[in-house]
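For reference, the structure discussed in these notes is given below.
The values are calculated or read from the model by the stated rules, or taken from the named source; none is laboratory data. The structure presented is a predicted model; accordingly, all values stated were derived computationally and were not measured. Note: ideal-geometry Cβ built from the backbone for every residue, glycine included; neighbour counts use all protein chains shown.
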């Protein structure tokens, strides 16, 4: 039998499944067919709508709303979901909307993420592990965020964009094109500023790996070469490390997409 601690004022649907030592605070709402993992805390006044599944040791802070209908005019109430991993901090006022049938039916958040206050993850988004969204970050539908990416406060992102792993997006940035992995992007219009050396160092990347990325960055984004020529030069260089190869593959995918967004190549309309 579950040892979940449910406040008397909370509303928890009978079909909801609460893990061991889960906590549901005052005036919180937990809907139908919701799964809340062990030691996850639902703080006062948070709302977990139908069909949300989350793992263990998450904290959902007051006023957060998970699993509400997507803000998509094509949505007609289909049974779609939000799936959240383990150990996430979902701060005050965060909204994560459920998926749509067109986008695969699931909005996903990985594990170890920090979603700061009033950030928004729209329908069919995919956040990998250890992603940080600053306050008031706005992610439109179908966005992909790679592992350990850091999106600073006030950033707004166009639908179907992709942010690569370990990328850093500066505050108040307008993102309409894919953001390459390992790099810094900021501004309006946004520009690639360099390698995320500080972030990579903090994550344990070697000085040699970071220097190789710096060399690749200069060829790809500073010398003014055609992108295809720059990719070919870097690919044949002696500094084409595994990290540089990931960067090159990301750029190739973006080139094969439309409007600077790799995912646009797969859109149905």
**Report entry** Selection from the stretch 195-211 of residues that are buried (at least 17 other Cβ atoms within 10 Å of the Cβ) and closer than 22 Å to residue 132 by Cα
**Finding:** 195, 196, 197, 199, 200, 205, 210
Report summary line: Checked 33, 50 against criteria (part of a loop (DSSP other than H, G, I, E, B) and farther than 23 Å from residue 139 by Cβ); the one match is 33
Requested in this report: Can you confirm whether the stretch 169-188 contains a residue that is more than 20 Å from the chain's Cα centre (by Cα) and closer than 30 Å to residue 142 by Cβ?
Outcome: yes
Query raised in the report: Hey, among the residues in the stretch 254-269 that are in contact (Cβ under 8 Å) with a residue 12 or more places away in the chain and not in a loop (DSSP other than H, G, I, E, B), which one's farthest from residue 205 (Cα to Cα)?
Result: 264
**Report entry** Criterion violated by residue 47 - all others in (1) in contact with a strand residue (DSSP E or B) (Cβ under 6 Å, 6 or more places away or on another chain); (2) surrounded by fewer than 24 Cβ atoms within 10 Å (Cβ to Cβ); (3) within 18 Å of residue 130 (Cα to Cα) satisfied
**Finding:** (3)
Query - Residue list for the stretch 212-247, filter: surrounded by 19 or more Cβ atoms within 10 Å (Cβ to Cβ) and within 28 Å of residue 141 (Cβ to Cβ) - result: 247
Requested in this report: Need at least 2 residues that are farther than 25 Å from residue 256 by Cβ per element, so show me which helices (runs of 4 or more DSSP H) inside the stretch 172-242 make the cut, counting only ones lying wholly within it.
Outcome: 197-202, 207-217
Requested in this report: Return the only residue of 63, 146 being out of contact with any helix residue (DSSP H, G or I) (no Cβ under 6 Å at 6 or more places or on another chain), crowded, with 20+ Cβ neighbours inside 10 Å and either on the phi > 0 side of the Ramachandran plot or modelled with pLDDT of 95 or more (or both).
Outcome: 146
Query raised in the report: Considering 141, 112, which residue is within 12 Å of the chain's Cα centre (by Cα), surrounded by fewer than 20 Cβ atoms within 10 Å (Cβ to Cβ) and either outside any loop (DSSP other than H, G, I, E, B) or at pLDDT 95 or above (or both)?
Result: 112
